[in-house]
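One structure is given below, encoded as structure tokens.
FYI, it's all coordinate maths here, none of it is from the lab. Just so it is clear, the structure is predicted and the values come from calculations on it, not from any experiment. Glycine also receives a Cβ, built like all others from the backbone with ideal geometry; neighbour counts cover every protein chain displayed.
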Amino acid sequence: MDIDIGKKIAEHRREKGMTQEQLARALGVSAPAVSKWETGGSYPDIMMLCPLARVLGTDVDALLGYEEILPQEKAVEYMNMLIETARKDGAAAAECKLEELLHQYPNSIAMKYYGAMVLFTLEIMSGQPCPEEWRQRWKCRKEGLLQEVYASGAAAYFQDAVTLLASGAVADGEPDRAEELLKELPEQKGDSTLLWHRLYLARGETEKAKEIVQKHLYTLYGQVQACLAVMMGQEMEPDPEKQLEIWAIYCKLEKIFGGGGNMSEGLAMEIFQRAGREEEMLECLGRFADQLARPVPEPNPLLFSPAIGLQGERYVAKELRQVCLHSLMTEEAFSGIREDRRFAQAVEKVKKSLEE
């Protein structure tokens, strides 16, 4: 088996910030001997492996490339075990076991990430008084592990590592460092929104802090509307009465948040159409035609001003109104009501809105 121990020695030496001369002195050998180990010119004597591993802060298995692969599931299991150890035997016992695991799996990004989560838990656990220097040690170790996870670029943990490091930077009064980290995430989305909010507040930029939260809330509102519309579908909920209950929730939210797309009556019309309730469908159709011809309501200014606002009067897009008109005129679902006077009036309203 090809053992690239020289590469391992060089990697660990650099991680420790040691020169070849310093490592040689610590082991009682010559600097050229260390150089030959690292370049593959020779191997360390077998009796030298244990002291070499100790000086480099690793173990013999890792130096020889025998490190066991640690699956994520096992790392999670270790994390839960360590937290339980902290509860039963105290934080010091959990910390000691954590360091043993980190030593056992020195290159495992999963172990580093979940180890950082254990240290975070130790920082905040209540009911277990401990010296402040312990908390500071855990904080520094946690940030060091997260930095290693961040530097690895491992996709499974990268976003969480960046978020946690940025959160720590804000808490430490380092908003510029936090901003540099947050810029590596998708722009001001998801979990990073509240961190940007904290960052702006730390800088005294109150309006920016308010605006970013309002924009994120508006995005979430749109996503909730879309989910409710899907849940009204017959595939997800075959009972028309329950579909109408979901529709009522949709309408309540539209009333609270404002905005919306002037499509609520169209959604109800579809429910009545699928249920074969033509009279109620016609009533909804009339209201839907009115909705299509009216300006879209402004978003609730209490929740969204000034971040969100419609410039001037905005209507449902002309293309969407054309699609609605085409459906009314051609789809078989409306064939039974096309002779009704109310149907003709609704169609005329939609046509007129397209001409304006």
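A few notes on this one:
- Long-range HN-HN contacts of G258 with modeled amide H, under 5 Å: N300
- The tail of the calculated P(r) for segment 69-225, taken as Cα-Cα distances beyond 21 Å, holds 52 percent of the pairs.
- Distance between modelled label sites at A156 and R287, nm, 7 Å Cα→Cβ extension: 5.1 nm
- Here segment 319-356 and segment 196-272 have alpha carbon centers that stand 27 Å from each other.
- Expressed in Å, the radius of gyration and Dmax of the Cα atoms of the chain are 31.9, 102.
- Cβ-based charge dipole, the chain, positive-most Cα from I271, V224, H103: H103
- Centroid-to-centroid, using Cα positions, segment 125-175 and segment 7-36 are 30 Å apart.
- Label point distance in nm, S35-A344, each placed 7 Å from Cα along Cα→Cβ: 10.1 nm
- A simple spin-label model places pseudo-atoms 7 Å from Cα toward Cβ; at T219 and Q22 they are separated by 4.5 nm.
- q = 0.16, 0.19 Å⁻¹: log10 I(q)/I(0) that the Debye formula gives for segment 203-356, counting C-alpha atoms only: -0.94, -1.20
- The chain: calculated mean residue ellipticity at 222 nm from DSSP helix runs of at least 4, using -39500 (n - 2.57): -22000 deg cm²/dmol
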